[in-house]
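Q: Sharing a structure below in structure tokens format, with a few things to ask.
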Amino acid sequence: MNKPNSGDVFIIDDDEELVENHAHPFSITDLAREFSVTLRALRFYESRGLLKPQRRGLARQYSNVDRRRLELILKGKRLGFTLTEIMSLIAESETSSQGARKTLRLSLEQITQQISELEERRNQIDIAIAELRQTADLMLPAPMKEIGQGSSS
């Protein structure tokens, strides 16, 4: 998954091969099903300039480039990057020699910064969960409190 590249840049990509033999063009429904996203999400990514489908009347037709970009968008989201950051990463990816592959080029600094941000978010989520559990414990009748305690993780 992570491959060192020249000068402190890492390529983040999937080990699976691109599906080049898939029927062209892709419809919005094809991509929504394949990637388990909503039509609304695809339209939003288009409105932000991340996807650029061709139009045939009212129908959107997505190319393999759009499909790869969607993979990068979703990978960036899984890694916790904002859409603005993802746009920048995609632009860098497409101007590099790796642009034809579904990759995100990240420096060690970007990776460590993102880990720090995700850890901080996790800490905030843990605090919120603890507060909600305390509140729920105050609201539950005594017999229910015993049941709820066994299911916490």
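Q: What is the spin-label model distance, in nm, from I127 to M139 if the labels are put 7 Å beyond Cα along the C-beta direction?
A: 2.2 nm
Q: Give, in nm to one decimal, the length gained when the segment between E92 and S63 is fully stretched (0.36 nm per residue of separation minus the Cα-Cα distance).
A: 8.5 nm
Q: Based on the Cα coordinates of region 51-100, what is the per residue volume of their convex hull in Å³? Each step should come with its number before you reach the end.
A: Details: hull volume 4.1 nm³, N = 50.
It is 81 Å³ per residue.
Q: What ranking do 65-77, 31-43, 126-138, 108-120 get when scored by the average of other Cβ atoms within 10 Å per residue, highest first?
A: In descending order of packing, they fall as 65-77, 31-43, 108-120, 126-138.
Q: Using R₀ = 35 Å, calculate the FRET efficiency as 1/(1 + (r/R₀)^6) where r is the Cβ-Cβ separation of I115 and R48; round to 0.05.
A: My answer for the efficiency is 0.85.
Only the coordinates and a few stated rules stand behind these numbers; no lab work does. Keep in mind that this is a model prediction, so the values were computed, not measured. Please note: Cβ atoms are built from the backbone with ideal geometry, for glycine as well, and neighbour counts cover all protein chains shown.
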